[in-house]
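The values are calculated or read from the model by the stated rules, or taken from the named source; none is laboratory data. What you are looking at is a predicted structure, and each value in this text was computed from that prediction instead of being measured. All Cβ positions, glycine included, derive from the backbone under ideal geometry; neighbour counts span all protein chains shown.
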Amino acid sequence: MEAANTEEIHLRHVEKDVLIPKMMREKAKERCAQKVEAFNHCCKETGFLMVFKCREENAALKECLTIHYKDPAFFELCKQEYIQEKLEFERTGVPTKNRKQKVPTSM
């Protein structure tokens, strides 16, 4: 069977407006990992005062995430990955998260 052209795949409203943006958020957090880590570290160190003391780290994290959220090329990349996962699910019936889990070595 020949692979379908991902441009021809019809995406539902929920896929375009919810599922793909969710994937974008997850991938953006990976791409902004250093800023996520810096913000988390600051919060752990300062406790209740984090609202005041971690403003710089929070602003840097928000800026990094926003750059990715507003990038049309990043949306397209995530959309294509989503479509590939959708096609693979339709072909195999196995959800992506189940496919990515390691099979236990001992039973």
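Suppose we keep only residues that are under 14 Å from Met23 (Cβ atoms) and of a type in the set (Val, Ile, Thr) within the range 63-107. Which one would you say is modelled with the highest pLDDT?
That would be Ile83.
List every residue pair whose Cβ atoms sit under 6 Å apart, with the two residues 6 or more apart in sequence or on different chains, where the first one lies in the range 12-24 and is under 11 Å from Glu76 (Cα atoms) and the second, anywhere, is among the hydroxyl-bearing types (Ser, Thr, Tyr).
Correct list of pairs: Ile20/Tyr82.
Testing Glu57 on (1) modelled with pLDDT of 95 or more; (2) loosely packed, with under 14 Cβ neighbours inside 10 Å, one condition comes back false. Which one is that?
Only one criterion in (1) modelled with pLDDT of 95 or more; (2) loosely packed, with under 14 Cβ neighbours inside 10 Å is unmet by Glu57, namely (2).
Just for helices (runs of 4 or more DSSP H) wholly inside the range 21-105: which have at least 3 residues that are more than 30 Å from His10 (Cα to Cα)?
33-46, 50-53, 55-69
On the basis of being modelled with pLDDT of 95 or more, farther than 12 Å from Cys78 by Cα and over 14 Å from the mean Cα position of the chain (by Cα), does Ala33 make the cut?
Considered against the rule, which asks whether it is modelled with pLDDT of 95 or more, farther than 12 Å from Cys78 by Cα and over 14 Å from the mean Cα position of the chain (by Cα), Ala33 comes out as no.
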